[in-house]
Amino acid sequence: MKIEKNKVVSIDYTLKNAAGEIIDESNGAGPLNYIHGNDMLITGLEKLLEGKKAGDSFHAEIEPAEGYGERQEDLIMEVPREHFPEDIEIEEGMQFEATDTAGTNIVTIKSVQDKTVTIDSNHPLAGQKLFFDITVVEVRDQTEAEIAAAKNSRRSCSSGGCGSCGSCGSCYH
């Protein structure tokens, strides 16, 4: 069975940066499962998986535009310190969830001043070329229960996406 829209796909993967350092991998956690053609993966990877079948392995190099996008300087901003919990010591590099009208995003602390905190709302991998090693483990049809669950979660997601963190592209995980 080939990968096409609405097929349930399981992949093993290793993601590296340009220096060859492992950023993420499925090793030990089990394969990543997703429903193909529903924006659950970055665009470039989903395009390359189209038409593959169980047992196929390949290397993929994904440019930022088809990964997590280019870095946007307007997503770096200063916010009042009072927008953060008082009982937490804010440090450079920390990450927090921030919710706005577009949904929930991860923000990274760039610097801390007395009254303000500089945050970066870009995805941590924005602007980076991504290097994947992929093995397709399984391709199958959705079950009736999976179809019903997907319909229900789309209705409940506040950001208009899938309803479960990380699988619609609106969330980070």
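No value in this document is a laboratory result; all are computed from the given coordinates. None of the values given here were measured: they were computed from a predicted structure. No Cβ is skipped: glycine too gets one built from the backbone with ideal geometry, and neighbour counts run over all protein chains shown.
Numbers at a glance
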item	result
Other-chain or far-sequence residues with amide H under 5 Å of A126's (modelled H)	none
Correct option for semi-axes √(5λ) of the Cα gyration tensor in Å [calculated from the coordinates] among (i) 25, 20, 14; (ii) 28, 21, 11; (iii) 33, 20, 13	(iii)
Euclidean distance of C-alpha centroids, segment 1-48 and segment 96-146, integer Å	15
Label-point gap, in nm, between I23 and I88 - each point 7 angstrom along Cα→Cβ	2.3
Förster-model FRET efficiency, 25 Å R0, T101 and V79, C-beta, rounded to 0.05	0.95
Ellipticity estimate at 222 nm from DSSP helix runs (n ≥ 4, -39,500 (n - 2.57)) divided over the chain, nearest 500	-3500 deg cm²/dmol
Dmax and Rg, reported as Rg then Dmax, of segment 73-120 (C-alpha, Å)	10.3, 29
Linear extension gain, A65 paired with E4, 0.36 nm per residue minus alpha-carbon span	19.7 nm
Whole-Hz ³J(HN,Hα) from phi, Karplus 6.51 cos²θ - 1.76 cosθ + 1.60, for segment 138-147, glycine and proline x	8, 9, 8, 6, 6, 7, 4, 5, 5, 4
DSSP bridge orientation in segment 43-137 - percent antiparallel, rounded to nearest 5	100
Order by protection proxy (mean Cβ within 10 Å, highest first), peptides 132-141, 85-94	132-141, 85-94
Under 19 Å from the A149 label point (7 Å along Cα→beta-carbon), backbone N, segment 28-71	29-41
Dipole axis of the chain (+1 Lys, Arg; -1 Asp, Glu on Cβ), positive-most option in I119, I90, A148	A148
